[in-house]
Structures are given as structure tokens and as C-alpha cells.
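First, the structure itself, so that you have it in front of you.
Taken together, the values in this text are just the output of simple stated rules run on the coordinates, not laboratory data. Worth saying up front: this structure is predicted, and the values here are computed from it rather than measured. Heads up, the Cβs are rebuilt from the backbone with ideal geometry, glycines too, and the neighbour counts pull from every protein chain shown.
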Amino acid sequence: METFTREVKRLVPFLLEELKPKGKVLTPFNLISGFIIVLGLILIVIRFAKGLGAVTNLSQDFPWGLWIGFDVITGVAFAGGAYVLTFAVYVLGAERYHPIIRPTVLNGFLAYVFYAGALLLDLGRPWNVVNPIIGNEFGVSSVLFLVAWHFLLYMLAELVEFSPAVAEWLGARRVWKFLSSLTLGAVIFGITLSTLHQSGLGALFLMAKNKIHPLWYSEFIPILFFVSSIFAGLSIVIIEGTISDRVFKDQISPQHHATYEDIVCGLGKGAAVAMFAYLFLKALVFVHGKHWEHLSGPMGFLYLAEVLGFVLIPMVMYVEGVRSREIKTIRAASILTALGVILNRLNISIIAYNWDAPVRYYPSWMEIEVTLAVIFMEIWAFRWVVNRMPVLREPPEWARGEHDVTAEMAKG
Amino acid sequence: MEGFTYVDIFATKGIEYLLVIGFLLGVIGFWAHLARKR
């Protein structure tokens, strides 16, 4: 009881101090993003008060729009860097990527929280979101049942993976030791979950055979989604690392700065190999489906632009960048790759979906505004955590000096 | 004696087998190319 009272007396003023803003408040980024967030929150209130029709251009023909196509499906692909990197570090033993594990896992956790949270905006009856958990006649053979459970479990797994950083921030040594011992299990659980729900998001479209253009529909969509999530995640790790290296440069130690080039080249190499495999899979699916006659026309050009312009070209850029250790080329490739993944996901969920319908879906400005608000809220959350917890900076002495349970278990 | 017929590489999924074999051989060369520094 005495220890508890002492801890509360220590933590409460500490937390109140940590709630204060760090750094300048009225920066151009804060003002612009703050305005977008406030407007987005107002639109979200209107959406729940007046219904989807008041804010979106969704309809019976187009029930899934920008919020699902971009926020959920693209956002979760982008969060794939967490499972790829944790696999590389904890399973393959690639310790040189250890410095970027925490920001990547944090990014992945926040992505799932905000983008899966954005899923609530799209539900006609959002109070039914608990049905996959409590039952209530929610179909257990539905792919959505799998996706719902996986999102929940993966968020918990990532929270456990990141929790040692929270314990270090709070100075809770005994809790840190316990949480560190859970890390490896959470990592393995997270990787296992990711392989299925990344492909599960693709499997959501398997039932829409008559609605998706033949160039994008195939029974291999789940495998294509899974493989593309690998290089999508790695590309976002490169982009996020580039931004963090500039914005949070005072937190990164000189030692980690020195390894930055090696890390980026390694990530580029991984992305290039995944894209090589993806291109062959795309070719296989194309030949298997005998889609030659679909190549003419606007949808054919869009398909070729997506595959050649946003997969083949960035793959070649990654190869050239890795071989000549040109970080700028690798960064440019990562941006092109990320755009390509956005294009691919939007093609399947919106553009090539009911592509021949007389009335097409276009997102309203309010949908775009809410999407931007969700992205900026995630960035604000990421910045809040990085400015307070040991994510980019070194952990405290007691966490560094003590026996690193996780690293030892990973080596063993 | 039976007449000579060409094998339809599409009907026999031959081209898909060739793609997979091409990938398996190609990925080795691709990895080696990546690992070589300029």
C-alpha cells in the first residue's frame, strides 16, 4: 500500500508534466494539421448524427469508398512494415535493424488503431462492431470475422511489443522486466496474425467476382495482397525513417545515424526482392486468366501504369539505389512504391469496382477531409509518443544495462 | 501413324510452368545482382 501511494505520488506530477506540449505550439504544420483535425472531427460528428449520406457519396452500388479503400485497406498494408521488420530482427536475427524496431512497431500500432478505428465511420450500425467478439449471430465463416478478430489481437500484440518503452518512460523497472519477457511471444503471434489478415483483406473481395474488372480480380488476390504488404510496409518504414531522421534528429544517437545508410539499403533490398516476386505473381495471374484482350482501353492502360509504372520502375530504382548506395534513389523508389500500393488498393476497391456502372463513385470533399484528419491525428499521436518515450532515443541506463531478456531469447 | 500436332502452351498451362521456373532461377540471379555493390 505504501509502495503504491509512493508510486502514485511520483507518477501523477510526472504525467501532468508530460501532458504539456514539447516544443513550439504555433508552427505552420501544427496550425494546418490542427485545422484539418478539428474540421474532420466536426464532419465525423455530422456523419454519426445525420448518417453516411450526409457526408459521403457512398451508395448501394458503391458501399465501400475512400474510408475503406484508403484508410483501412491501404493503411493496413502500409502498417505491414511492423511484422516484416520484427520477423527480420527476432526470427532471422538481423540485429542491425533493431534501432528502427520501436518506431516501426509504434507506427504499426497507431496505424491499426486509427485506420481500423476509421472502419467505425463506415459501418451503418457502428454499435454492432462488438458482434464478432460477443457472437450475436455474426457469421463465423465470414472473412470479416477473421479480419475483425485479427485486427483486435494484432493491436494487442503490438501494444505488448511496444509496452517495454512505456514502462521505461514511467520508470517501472519490475513491470519492464515482465513486459520484456513477453516481447518475443507477442512478436511471433503478431507475425502469424499478419500473414493471415493482410491476405484476408484481399479475400474480402473474392465474393465480388462479377463486380471487379477482370484485370484485378482473381482467386489469387489474397496472395497478391500479402506479398504487396511486404514491400508496402518496407517502403513506408523508409519514408517514415527519412522524416523522423530530420524531425527528431536530436533524439537519434550518432551511432544510430552512422548505421542509417546500411539500414535503408537493407530495407530497399528486401522491398526489391518482394517486388520481384510480386511481378512474377502478377504475370502468372495475368497469363492464367488469359487477360490479353483487356489490355486495350482505359482500364488496360491503368493496369499497365500500376504494374509497370508503380511496381517495375520502383523495383529497378531500388536495385540501382541499393547497388550504388544512393539513398536518394531508394527514397524516391519508396515514394513511388507507396503510391503504387495506394493505386492498387484503390483500383480494386473503388476504381475497378463496378467499373462499368453508369453512375460512378467519387469521394466527396468531406470524405477526403476526414481521411486527412485521421492521418494527421495518427501523426500527432506518433509525435506525442516519440517526444516522451524512448522510441528513437536510447532507453534509460537501467534498461540498457540490465539483462536484455528479449535479445537473449531471440538468439537462443 | 498419327499426324504431328503442336502443343498448345496455353491450354497445357505450360507458360505458367515456365514463368514459375523462370522466377525460381531468376530470383537467385536477382539476389546476387542486388548483393553485388557497384
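Helix by helix, which DSSP H runs in chain A go 20 Å or more along their axis at the Cα atoms and have an average Kyte-Doolittle hydropathy of 1.6 or more?
A:28-50, A:221-247
Relative to the Cα centre, what is the charge dipole magnitude of the protein assembly as shown, using +1 at the beta carbon of each Lys and Arg, -1 at the beta carbon of each Asp and Glu, and rounding to the nearest 20 debye?
860
Taking the alpha-carbon centroid of each part, what is the distance from region A:119-169 to region A:43-69 in angstrom?
21
Straight-line reach from A:K209: which aspartates and glutamates have Cα under 17 Å away, leaving out those fewer than 8 places along the same chain?
Leaving aside aspartates and glutamates fewer than 8 places away in the same chain, those within reach of A:K209 are A:D61, A:E219, A:D356.
Please give, to one decimal in nm, the separation of the simple spin-label points placed at A:L153 and A:E7, each 7 Å out from Cα toward the Cβ.
3.0
Where does each of A:9-17, A:275-283, A:325-333 land if you order them by average Cβ count within 10 Å, highest first?
By packing density, highest mean first, the sequence is A:275-283, A:325-333, A:9-17.
Which of the aspartates and glutamates could be linked to A:K269 by a straight reach, that is with a Cα gap under 14 Å, when you skip same-chain ones fewer than 8 residues away?
Leaving aside aspartates and glutamates fewer than 8 places away in the same chain, those within reach of A:K269 are A:E261, A:E320, A:E326.
Right, another one. Counting other Cβ atoms within 10 Å, which chymotrypsin sites (Phe, Trp or Tyr not before Pro) in region A:56-99 have at most 14 and lie in a DSSP loop?
Taking region A:56-99 and a limit of 14 other Cβ atoms within 10 Å, no loop chymotrypsin sites (Phe, Trp or Tyr not before Pro) are found.
Quick one: of A:K282/B:K37; A:K249/B:K37; A:K24/A:K249, which pairs are farther than 19 Å apart, Cα to Cα?
In this structure, A:K282/B:K37; A:K249/B:K37 lie more than 19 Å apart at Cα.
For A:K177, which aspartates and glutamates qualify as cross-link partners when the Cα separation must be under 16 Å and same-chain residues fewer than eight apart are set aside?
A:E161, A:E168, A:E397, A:E402, A:D404, A:E408
Now for a different question. Just want the answer: with Cβ charges of +1 for Lys and Arg and -1 for Asp and Glu, which residue in A:G300, A:L339, A:S324 is farthest toward the dipole's positive end in region A:298-358?
Selected residue: A:S324.
Give me the number: length gained by fully extending A:K290 to A:R125, i.e. 0.36 nm times residue separation minus the C-alpha to C-alpha distance, one decimal in nm.
Stretched out fully, the A:K290 to A:R125 stretch lengthens by 55.3 nm.
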